[in-house]
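*Asks:* Pasting a structure below so you can have a look.
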Amino acid sequence: MASLTDFVDLSSQSLLWSAASITFNPIFWKYVLTFSLSQYRNHFLTRIFGGAYNGCYFLAFAIFSLGILRDHLYQVALDEQPFYAPVHQPILGGALFAIGSVLVLSSMWALGVTGTYLGDYFGILMDAPVTGFPFNVTGSPMYWGSTLNFLGVALYKGKVAGLLLTAQVFVLYWFALKWEDPFTSEIYAKRERERSKKQGSKKQ
Ligand SMILES: *[C@@H]1O[C@H](CO)[C@@H](O)[C@H](O)[C@H]1NC(C)=O
């Protein structure tokens, strides 16, 4: 009888490294978020970096680099995994990768660096919520786009291990979203309260 180990080499070191980096990235990002949240209250990071924008750009660079490392470890891991013909769907994989890339790149374009990477927590808020493409397609285009990229590569290369790692990405993003959405909403709600307070005092 066929078992999962016929299609996935679980003893591969590179598979473990890929799984570890996929887990580490959002945890680091969330750790940074928590750290930045305390900054949002006492401006600690802003002081270290000599300005909110410097601090935000520094973290953006760190998160972006970790993302590139994660993608690289994923490619290396899949290259060492056994090929399984039924999941080798290069056209579908290529199409999903293209859709995923459009979602990721267009949302970065729409949000800018500070909107993409934690600007909220440095007090760099967007003037209005971004509602145009790709945010009119999904509320979290970056997460879904990234998940589609992982899936696309797995199908393109025909690797079952890629499907497992994609499932891991999906679950981690799902938890991250549950945690992050109410958090961001609260920051903007706070600003609205402060704005209406200011307008109230202007009128008097
Ligand atoms: C999202 O916005 C884009 C650009 O404004 C538009 O072309 C597209 O049809 C919209 N999609 C949805 C699902 O509303």
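The values are calculated or read from the model by the stated rules, or taken from the named source; none is laboratory data. Bear in mind that the values here come from a model prediction, so they are computed numbers and not experimental data. Note: ideal-geometry Cβ built from the backbone for every residue, glycine included; neighbour counts use all protein chains shown. Note: areas computed on protein heavy atoms with side chains; ligands, DNA, RNA excluded. Shrake-Rupley method; radii C 1.70, N 1.55, O 1.52, S 1.80 Å.
*Asks:* What order do Phe170, Phe122, Phe135 take when sorted by accessible area (1.4 Å probe), most exposed first?
*Replies:* Descending order: Phe170, Phe135, Phe122.
*Asks:* Same structure, new question: Quote the relative contact order of region 9-203 in percent (integer), defining contacts as alpha-carbon pairs under 8 Å separated by 6+ residues.
*Replies:* RCO, region 9-203: 28 percent.
*Asks:* Given the options Thr166, Leu10, Leu78, identify the residue whose Cα lies farthest towards the positive end of the charge dipole of region 9-203 (+1 on Cβ of Lys, Arg; -1 on Cβ of Asp, Glu).
*Replies:* Result: Thr166, furthest along the dipole toward the positive end.
*Asks:* Using a 10 angstrom cutoff on alpha carbons, build the Gaussian network for the chain and name the most mobile of Leu69, Leu165, Leu96.
*Replies:* Maximum fluctuation in the GNM of the chain, among the listed residues, is at Leu69.
*Asks:* Peptides 21-27, 87-93, 154-160: what's the order by average Cβ count within 10 Å, highest mean first?
*Replies:* 154-160, 21-27, 87-93
*Asks:* With only alpha-carbon atoms in the gyration tensor, what are the semi-axes of the equivalent ellipsoid for the chain, in Å, largest first?
*Replies:* Ellipsoid half-lengths, sorted descending, are 39, 18, 13 Å.
*Asks:* Something else: Ignoring ligands, DNA and RNA, what percent of the 1.4 Å accessible area of the chain is carbon and sulfur?
*Replies:* 68
*Asks:* Further, regarding this structure: Determine how large the accessible area of Leu125 is when every protein chain is in place; take a 1.4 Å probe and give Å² rounded to the nearest 10.
*Replies:* Using a 1.4 Å probe on the heavy atoms, I get roughly 40 Å².
*Asks:* What 222 nm value per residue comes from the helices of the chain, counting each DSSP H run with n ≥ 4 as -39,500 (n - 2.57) and dividing by all residues, nearest 500 deg cm²/dmol?
*Replies:* Dividing the helical sum by the residues of the chain leaves -26500 deg cm²/dmol.
*Asks:* Span-like helices, the chain: DSSP H, alpha-carbon axial extent 20 Å or more, mean Kyte-Doolittle 0.5 or greater, which ones? Walk me through the intermediate numbers first.
*Replies:* Values: long enough: 13-42 (42 Å, 0.22); 52-79 (41 Å, 0.82); 90-116 (35 Å, 1.57); 141-157 (24 Å, 0.43); 160-203 (64 Å, -0.46).
For the chain, where a helix must reach 20 Å along its axis and average at least 0.5, the hits are 52-79, 90-116.
*Asks:* Just Trp144, Trp179, Trp29 to compare: in a GNM of the chain, with alpha carbon springs under 10 Å, which one fluctuates most?
*Replies:* Trp179
*Asks:* Just the accessible area for Glu80, please: 1.4 Å probe, Å², rounded to the nearest 10?
*Replies:* Approximately 110 Å² for this residue.
*Asks:* Can you give the charge dipole size of the chain about its Cα centre, rounded to the nearest 20 debye, using +1 on the beta carbon of Lys and Arg and -1 on the beta carbon of Asp and Glu?
*Replies:* 1140
*Asks:* Most mobile of Tyr53, Tyr121, Tyr173 per a Gaussian network model of the chain (Cα springs, under 10 Å)?
*Replies:* Tyr53
*Asks:* Under 19 Å from the Cα of Lys159, which aspartates and glutamates turn up, not counting those fewer than eight places away in the same chain?
*Replies:* Asp6, Asp9, Asp71, Asp79, Glu80
*Asks:* Quick check: with the 1.4 Å probe, what order do Lys190, Lys197 take by accessible area, largest first?
*Replies:* On the way: Lys190 75, Lys197 145 Å².
If we order Lys190, Lys197 from most to least accessible, we get Lys197, Lys190.
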